[in-house]
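Trainee: This is the structure I have questions about; it appears just below.
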Amino acid sequence: MITENLKDVEARVCAACERSGRKREDVTLIAVSKTKPVEMLEEAYAYGCRYFGENKVQELDEKYDIMPKDIQWQMIGHLQRNKVKYIIDKAELIHSVDSIRLAETIDKEAAKKGIVVNVLLEVNMAKEDTKFGLMPEEVMDFIHEIVRFQHIKVQGLMTIAPFVENPEENRIHFANLRKLSVDIAKEKVDNVSMSILSMGMTNDFEVAIEEGATMVRIGTAIFGERNYAHQI
Ligand SMILES: *Cc1c(COP(=O)(O)O)cnc(C)c1O
């Protein structure tokens, strides 16, 4: 089932790339495996997936120990500061930095390990009360503040678009995130890259690719619906 789903998702990713004149290799597919048992991850791994997304520290930690070491783990969920230390050297990229306090903790823990941690800034493009993330207008100032942390490397921006019936409704948010990243790139801030745009999920990834996503985070279309009883 997962292999079939992955073939289907892959075809849709390719088609969206083609429609928008982009190269398939410019879009990274992240298999969002939160709540799913390792057998399912193994099937996706056998298909060729090497990027897996998790939103809970403990779950990422457990799966990290079990799964092969060439996986690039993606921390996509809201991160509590007291848990940063458990994943600091396990997540290849943290997608959800949205406060200076969190950045400070990441920097401190990274310094202890002598590493530089790749992060994205999470932006709440639709300004939903229920979502984490910086407001779009706060991002530029935030960039200028975060550069002081020597053990953090900003690689781009991430957004979680609203849940909508018609994915076209989210096109504006994806386009605006891209515009924001272009504006930031123009500032040429030292040590800040805007090469990654993490946007698009099961319901709207095709629109996100058309608007410039370089990473899409896809769970349901690969692994099926989630129920939230934690399993491993
Ligand atoms: C769960 C989750 C996804 C995947 O959502 P689907 O709709 O199942 O594809 C993507 N991004 C984040 C941040 C998530 O928490």
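Trainee: Using the Karplus equation 6.51 cos²θ - 1.76 cosθ + 1.60 (θ = phi - 60°), what ³J(HN,Hα) coupling, rounded to whole Hz, does each residue of segment 64-74 give in order, writing x for Gly and Pro?
Mentor: Values per residue, Gly and Pro as x: 4, 5, 8, 7, x, 7, 8, 7, 9, 6, 10 Hz.
Trainee: Next up: Starting from the Cα of V164, step 7 Å along the direction of its Cβ; do the same at E137; then give the gap between the two resulting points in nm.
Mentor: The modelled label-to-label distance comes out at 2.1 nm.
Trainee: For segment 201-210, take each phi angle, set θ = phi - 60°, evaluate the Karplus expression 6.51 cos²θ - 1.76 cosθ + 1.60, and give the result in whole Hz per residue in order, putting x for glycine and proline.
Mentor: Ordered by residue, 3J(HN,Hα) equals 10, 3, 7, 9, 5, 5, 4, 4, 5, 4 Hz.
Trainee: Could you list the square roots of 5 times each eigenvalue of the Cα gyration tensor of the chain, that is, the equivalent ellipsoid semi-axes, sorted largest first and rounded to whole Å?
Mentor: Working: eigenvalues 132, 106, 48 Å².
Here the semi-axes work out to 26, 23, 16 Å.
Trainee: If you don't mind, there's one more thing I want to ask. Answer rounded, prolate or oblate for segment 168-222, using the Cα gyration tensor with square roots of eigenvalues a ≥ b ≥ c: rounded when a/c is under 1.5, else prolate when a/b is larger than b/c, else oblate. Display every interim value, and only then the final one.
Mentor: Values: a/c = 3.92, a/b = 1.87, b/c = 2.10.
Oblate, because a/c is 1.5 or more while a/b does not exceed b/c.
Trainee: Hey, can you find the accessible area per residue of the chain for me, probe 1.4 Å, expressed in square angstrom? Don't skip to the end; give the middle numbers.
Mentor: Values: 10970 Å² over 232 residues.
With the other protein chains kept in place, the chain gives 47 Å² per residue.
Trainee: A further question on this structure: Which of the trypsin sites (Lys or Arg not before Pro) across segment 132-232 are loop residues per DSSP, with 14 or fewer other Cβ within 10 Å? Please list the in-between numbers first.
Mentor: Details: sites: R148, K153, R171, R178, K179, K186, K188, R217, R226; in loops: R148, K188, R226.
Answer in residue order: R148, K188, R226.
Trainee: Would you mind computing, in nm to one decimal, how far apart the modelled labels at N176 and K7 are, each placed 7 Å from Cα along Cα→Cβ?
Mentor: So the two model labels end up 4.0 nm from each other.
Trainee: Moving on. Per 0.36 nm of contour for each residue apart, how much would the distance between R226 and E62 grow if the chain were fully extended, relative to their Cα-Cα spacing? Mind dumping the intermediate values first?
Mentor: Numbers: separation 164, 0.36 × 164 = 59.04 nm, distance 1.84 nm.
Roughly 57.2 nm would be gained on extension.
Trainee: Tell me, what is the FRET efficiency for E128 and D183 to the nearest 0.05, using R0 = 22 angstrom and their Cβ-Cβ distance as r? Please list the in-between numbers first.
Mentor: Details: r = 22 Å, r/R0 = 1.00.
Working from the Cβ atoms, E equals 0.50.
Trainee: Just to confirm a number: summing +1 for Lys and Arg and -1 for Asp and Glu over residues other than Y228 whose beta-carbon lies under 12 angstrom from that of Y228, what do you get? Walk me through the intermediate numbers first.
Mentor: Details: positive: K34, K36, K56, R226; negative: E59, E225.
Result for the neighbourhood of Y228: +2.
Trainee: Next up: Return the loop-located GluC sites (Glu not before Pro) in segment 51-150 (DSSP other than H, G, I, E, B) with at most 16 other Cβ atoms within 10 Å of their own Cβ; answer none if there are none.
Mentor: Those satisfying the criteria are E128.
Trainee: Mind putting a number on the dipole of segment 1-152 about its Cα centre? Charges go on the C-beta only, +1 for Lys and Arg and -1 for Asp and Glu, and I need it in Debye to the nearest 20.
Mentor: On the way: 23 positive and 28 negative charges, 41 e Å.
My answer is approximately 200 debye.
Trainee: Now for a different question. Pairs to check: K69/K127; K7/K90; K23/K108; K112/K186; K113/K188; K63/K188. Give those whose C-alpha atoms are more than 31 Å from each other in this structure.
Mentor: On the way: K69/K127 37 Å; K7/K90 28 Å; K23/K108 37 Å; K112/K186 33 Å; K113/K188 28 Å; K63/K188 37 Å.
Those over the limit are K69/K127; K23/K108; K112/K186; K63/K188.
Trainee: Right, something else. Among P68, V207, H151, which residue has its Cα furthest toward the positive end of the charge dipole of the chain, with +1 on Lys/Arg Cβ and -1 on Asp/Glu Cβ?
Mentor: The listed residue farthest towards the positive side: H151.
Trainee: Test of understanding: express the Cα radius of gyration of segment 27-101 as a ratio to 2.2 N^0.38 Å, with N the residue count. Show your work: numbers first, answer last.
Mentor: Numbers: Rg = 12.0 Å, N = 75, 2.2 N^0.38 = 11.3 Å.
So segment 27-101 has a normalised radius of gyration of 1.06.
Trainee: Below 14 Å, Cα to Cα, which aspartates and glutamates can K131 reach? Residues fewer than 8 away in the same chain don't count.
Mentor: D98, E122
Trainee: If you don't mind, another one. How much length would be gained if the chain were fully extended between E42 and K69, taking 0.36 nm per residue of separation minus their Cα-Cα distance, in nm to one decimal? Spell out each step's value before the answer.
Mentor: On the way: separation 27, 0.36 × 27 = 9.72 nm, distance 1.24 nm.
Stretched out fully, the E42 to K69 stretch lengthens by 8.5 nm.
Trainee: What relative contact order, as a whole-number percentage, does the chain give when Cα pairs under 8 Å and 6 or more residues apart are counted? Kindly include the intermediate steps, with their values, before the conclusion.
Mentor: On the way: 447 pairs, mean separation 52.2, N = 232.
Normalised by residue count, the contact order of the chain is 22 percent.
The values are calculated or read from the model by the stated rules, or taken from the named source; none is laboratory data. For clarity, every value in this text was computed on a predicted model and none was experimentally measured. Here Cβ is always computed from backbone atoms with ideal geometry, including for glycine, and neighbour counts include all displayed protein chains. Ligands, DNA and RNA are excluded from the accessible area calculation, which covers all protein heavy atoms including side chains. Shrake-Rupley method; radii C 1.70, N 1.55, O 1.52, S 1.80 Å.
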